[in-house]
Amino acid sequence: MVEVVCVRLEEASVDSQAQAESLSALMGGQSVKAVDGETFLVYVSDSRDAVEEVTDRLNYAGITAFVEETVRSLYDDGECPDCGEDIPEHYTSGDSCVNCEHVFTGRVHENGV
Ligand SMILES: [Zn+2]
């Protein structure tokens, strides 16, 4: 099962696609998708230790970032339980529904570098 973790870099990149490619190389070839200049999604095959693994690699490379598990897969059909709005892929615990402000919850990590 493919899980996703969200990486938020502290320094925004001018070229988010190039940044995604360098992050992918850093992660050992994991698929990385740029959401914007500072938010990236890293696809991992097993989420169990994924957050720690990604954080370790970023720390090793000296990159300051926050790494969190995404919450979309925790909700039925990836939808808000109150209004049915689709939950964006990169949302993590504490993000709220754009439609009804329902606050999504998931595992929280203290992974800031
Ligand atoms: Zn909602």
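Values in this text are rule-based calculations from the coordinates and carry no lab data. If you're wondering where the values come from, they're calculated on a predicted model, not measured in any experiment. Cβ atoms come from the backbone with ideal geometry, glycine included; neighbour counts cover every protein chain shown.
About the Cα centre of segment 3-69, how large is the charge dipole given +1 on each Lys and Arg Cβ and -1 on each Asp and Glu Cβ? Please answer in debye to the nearest 20. Working shown, then result.
Numbers: 4 positive and 14 negative charges, 29 e Å.
It comes to approximately 140 debye.
Other residues lying with their Cβ under 15 Å from the Cβ of residue 34 contribute a combined charge of -4, Lys and Arg counting +1, Asp and Glu -1.
Sparsely packed loop sites in segment 1-76 (the trypsin sites (Lys or Arg not before Pro) outside DSSP H, G, I, E and B with at most 12 other Cβ atoms within 10 Å) comprise 48.
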